[in-house]
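Written out below as structure tokens is the structure these notes cover.
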Amino acid sequence: MGWLILRAFIAAAVVVAVAEVSNRLPRLGALLLTLPVVSIIAFVMAWTKDADLPAVSRLARETLILVPLGLPFFVPLAFADRLGLSFWSAFAIGVALASATIGLWFWLGPSS
């Protein structure tokens, strides 16, 4: 149970750090977002839990495929001010775009 609480604390700390830093220094906040901190922590925790290298390798392959498919989420947010979109409308469009690309992969891509 302590390990679960520690993992939740680390994830929360990363989210809070990015939110706080990005208010003052957007470029540094973006850098923190692009660093695969959560992925690194997740891989280490998956390894320490079961020490199952084939499972970690499968997780890495799926992540490698799904990360680019999730990138359309950022497009409407990046251009919201130029397109006259509010945050929530850009956010919703981004979720829809990422859901579509990832959903198509799950539907049409090979099964794992």
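The values are calculated or read from the model by the stated rules, or taken from the named source; none is laboratory data. From a predicted model like this one, the values you see are computed outputs, not experimental measurements. Don't worry about glycine lacking a Cβ; one is built from the backbone with ideal geometry, like all the others, and counts go over all protein chains shown.
Descriptive notes on the structure:
- Subset of the range 34-56 (residues that are within 26 Å of MET1 (Cα to Cα) and either hydroxyl-bearing (Ser, Thr, Tyr) or surrounded by 13 or more Cβ atoms within 10 Å (Cβ to Cβ) (or both)): VAL37, VAL38, SER39, ILE41, ALA42, PHE43, MET45, ALA46, TRP47, THR48, ALA55, VAL56
- Total residues in the range 49-87, condition among the basic types (Lys, Arg) and touching a helix residue (DSSP H, G or I) at 6+ places or on another chain (Cβ under 7 Å): 0
- Residue pairs meeting the criteria (Cβ under 8 Å; at least 6 apart or on separate chains; first under 19 Å from SER111 (Cβ atoms), in the range 45-73; second assigned to a helix (DSSP H, G or I) and at pLDDT 90 or above): ILE65/TRP105; LEU66/ILE102; LEU66/TRP105; LEU69/ALA98; LEU69/THR101; LEU69/ILE102; LEU69/TRP105
- Residue selected from the range 1-15 under the condition in contact (Cβ under 8 Å) with a residue 12 or more places away in the chain and among the aliphatic types (A, V, I, L, M), by the criterion surrounded by the most Cβ atoms within 10 Å (Cβ to Cβ): VAL14
- So ALA92, is it in the same structural domain as MET1 (by TED's automatic domain parsing) and surrounded by 13 or more Cβ atoms within 10 Å (Cβ to Cβ): no
- Subset of the range 48-98 (residues that are outside any helix (DSSP H, G or I) and either closer than 19 Å to PRO26 by Cα or aliphatic (A, V, I, L, M) (or both)): ALA51, PHE79, LEU85, SER86
- Take the conditions (1) modelled with pLDDT of 85 or more; (2) closer than 28 Å to GLY103 by Cα; (3) not assigned by TED's automatic domain parsing to the domain that holds LEU104; THR63 misses just one of them, which is (3).
- When we screen LEU25, LEU31 for residues that are modelled with pLDDT under 85 and surrounded by 10 or more Cβ atoms within 10 Å (Cβ to Cβ), the only hit is LEU31.
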